[in-house]
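Shown next, in structure tokens, is the structure this report addresses.
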Amino acid sequence: MDKLKMHSVNKIDENISKIAELFPNVITETIKDSKLVHAIDFNVLRQELSNYVVEGPEERYQFTWPDKRKSILLANAPIAKTLRPCREESVDFDTTENLYIEGDNLDALKLLQETYLGKVKMIYIDPPYNTGNDFVYEDDYSMENAEWKMQSGDYDEEGNRLVQNTESNGRFHTDWLNMIYPRLKLAKDLLTDDGVIFISIDDNEVENLKKICNEVFGDSNFIASFVWDGGRKNDSKRVSVSHEYILVYCKSSFQIGNDDTLWKERKDGIDDIYKQYSILRGQFGSQWFEVSSGLKKWYSSLPDSHPAKAHKHYCNADANGIYFASDLSGPDDGRKNRPRYTVLHPITQKPVPIPSRGWRWEEKRMIEEMANDRVHFGGDETSIPNGKVYLKENEYQAPSSVFYKDRRSASGALKKLFDEKVFDFPKDTSVIERLITLVCRKNDIVLDFFSGSSSTAEAVINHNYSHDCLLRFIMVQLPEATDEESRPYRFGLTNICEIGKERIRRAGAQIAKQLKENAEGKMQNDELLKEGNSALCIHNSTFDKGFRVLKVDSTNMQEVYYKPEEYKQDQLSLLTDNIKPDRTPEDLLFQVMLDLDVLLSKKIEETTLGGKKVFSVDDGYLIACFDKDITDEVVKEIAKKEPHYAIFRDSGLASDSVATNFEQIFETYSSETIRKVL
């Protein structure tokens with residue numbers, strides 16, 4: 001049996017391996033900590049990547065800042081940490097596929113690197129804007145503990161310091177860049193090939209952020225910069241800056257999907273038209289002309305300000321659905337030889353008038369369109385016919401890069417959810433849901449590693465309800481303490497994570513209540529179903545209002561697990577159990593899942609075999625038993641289930657005899673099972 005490594009991936013080793021595949025001649029060896037290790041000869045690599053002789057450092061275009069190389073090293077360095085489950089703070093722990101991770105997002109991103117590599121469809125983050133009042137991590141692990149304690153500021157459990165990055169700081173931009181850069185490097189690897197990241201930012205760092213993203217994601221993968229006008233502010237002496245930005249990058253511009261509804265938004269007023277059409281169709285059945293007349297009457301009664309009026313023409317209907325009339329006369333482009341041919345009215349069989357500019361189409365095209373019932377004729381031959389533009393084919397349009405959404409609505413919605421103000425300046429869930437609609441489809445994963453009050457999680461929950469789109473979310477947030485004099489603290493929410501988790505609970509409960517009312521028939525069917533659009537057909541049985549709480553913590557393993565060679569003969573007693581005494585079997589299970597790239601949202605079932613606690617993950621894909629005194633019979637029962645992975649505690653086997661029989665038992669009952677110990 002092989003031992004699990006039980007720490008995050010070493011990105012440096014991974015990068016060296018990738019380079020070695022392309023340029024084996026650049027791999028060299030060097031001494032580090034008295035050990036021989038592989039390294040890159042960068043002089044040789046520079047020459048491999050140049051079409052001229054490289055003699056030494058040359059000036060070149062680049063974006064750099066103090067300690068940039070340290071931030072790269074920080075992103076690549078492995079950590080011996082884990083994610084520990086917290087059932088008591090979770091909702092529907094055994095069935096939910098959503099995750100809430102509490103801890104430093106840099107650690108969380110490293111722990112997710114292998115398990116969620118290439119699996120996240122969308123990332124939305126609202127990082128500190130570096131306004132001079134924001135707190136950023138000072139990711140400097142080189143200071144001695146005494147130095148840390150001499151400095152003011154807040155600390156997390158590992159001694160990392162949250163510092164307020166004021167404008168008087170000589171490293172004002174540098175500290176922010178060193179904070180955001182390694183996190184974006186790690187985030188990129190989590191995206192699917194057609195994945196997208198949205199980053200909210202303001203004028204303070206938008207220029208630097210774009211340069212970082214161009215380097216991390218590639219400038220060819222820049223999609224757009226949304227400008228969000230949030231309404232006038234009255235806090236400026238000169239100009240009221242009412243906007244902020246959302247930078248948009250994709251993992252690979254060549255991998256963006258071909259779905260016609262991706263990167264499209266439904267036009268305003270569409271739902272109202274479908275709703276009225278559905279009512280009239282129910283009244284008149286297949287009598288399309290009467291339906292058309294009914295729609296015309298309804299449309300003409302609308303005020304000019306109604307979004308449906310943007311279509312400018314009343315809609316008609318036939319067996320293929322709602323359509324609008326389009327002009328079939330030739331465009332006014334100066335062309336003098338437009339087609340002029342006779343078109344007969346399908347009922348009177350008399351010629352209809354020819355447009356003054358001639359027909360838009362050649363006669364062959366016109367015959368084809370008429371055969372496909374794509375031409376709208378009047379009641380007789382006296383009117384010029386029009387083309388049919390079906391609503392179902394024109395529901396979507398490309399999103400505008402500039403949009404207006406009053407910031408106050410987000411604060412009001414959150415206050416309503418909690419019955420009082422608990423968070424300053426929350427992000428608007430409707431804006432995030434708009435972004436989700438642009439890129440996500442059923443079963444995609446949405447990640448927010450600066451989740452704050454969990455606006456993104458609520459946006460996912462709302463989107464799932466309104467679009468029958470079972471997305472999953474991963475929220476990551478540092479448990480920053482709330483002020484003891486603040487309303488949240490008096491409300492019992494002692495840190496930002498508590499606010500976020502409570503928000504998800506309340507948002508989920510709110511939707512569950514609505515679903516119950518729907519099931520009891522308190523809402524009409526025509527309000528639940530939208531023709532031509534996704535249906536509000538999520539049921540209580542499929543709606544996921546829960547989340548698993550996982551907390552970043554030190555590894556479950558004793559130091560001896562990682563460096564057994566450093567222990568002397570008289571310390572062998574330490575090797576009898578290499579697991580920390582305060583760790584539970586479920587703690588071990590989640591670290592194993594991380595190590596074996598098993599999604600942390602997979603279903604977990606707990607059973608008993610031979611009096612021992614056994615975990616089955618993802619319907620038996622992984623079976624683990626961390627109890628002691630495991631007998632042949634227990635090993636046999638697990639082997640008979642033929643799991644892909646079977647995991648045991650290294651010291652868990654009852655005797656040398658069981659250890660001797662272990663491999664033979666698996667060879668007999670499940671030879672393909674991968675067996676590992678910790």
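For Ser252, what residues show an amide H to amide H distance below 5 Å, using hydrogens built from the backbone and excluding near sequence neighbours?
For Ser252, whose amide H was placed from the backbone, the distant partners under 5 Å are Gly195.
Let me have the relative contact order for segment 585-643, percent, based on Cα pairs under 8 Å that are six or more residues apart.
Computed over segment 585-643, the figure is 25 percent.
When ranked by the protection proxy of mean other Cβ atoms within 10 Å per residue, highest first, what sequence do the peptides 440-447, 375-382, 597-604 form?
Packing proxy ranking, top to bottom: 440-447, 597-604, 375-382.
Can you list the lysines whose alpha carbon sits under 17 Å from that of Lys516, skipping same-chain ones fewer than 8 residues off?
Lys545
Given Lys603/Lys640; Lys641/Lys676; Lys11/Lys580, which pairs have Cα atoms separated by over 23 Å?
In this structure, Lys11/Lys580 lie more than 23 Å apart at Cα.
Do the alpha carbons of any pairs in Lys264/Lys421; Lys3/Lys81; Lys3/Lys251 sit beyond 23 Å of each other, and which pairs?
Going by Cα-Cα distance, Lys264/Lys421; Lys3/Lys251 fall outside the 23 Å limit.
Grab every C-alpha pair in segment 561-677, bin the distances at 5 angstrom width from 0 up to the longest one, and report whole percents.
That works out to 2, 11, 22, 22, 20, 13, 7, 3, 1, in percent per bin.
Cβ neighbours within 10 Å, averaged per peptide: list 496-507, 204-215, 361-372 in order, most packed at the top.
Answer by packing, highest mean first, reads 496-507, 204-215, 361-372.
Using DSSP to define loop residues, name the GluC sites (Glu not before Pro) in segment 571-678 whose beta-carbon has at most 10 other beta-carbon atoms within 10 Å.
Answer by residue number: Glu672.
For Leu4, enumerate residues with amide H under 5 Å from its amide H, sequence gap 5+ or separate chain, H modeled in the peptide plane.
Here the answer is Val677, since their amide H atoms fall under 5 Å of that of Leu4.
Bear in mind these aren't lab numbers, they're just calculated from the coordinates by the rules spelled out. These numbers were taken from a predicted model, which means no experiment stands behind them. A quick note on method: Cβ atoms are made from the backbone with ideal geometry, for glycine too, and the neighbour counts reach across all protein chains shown.
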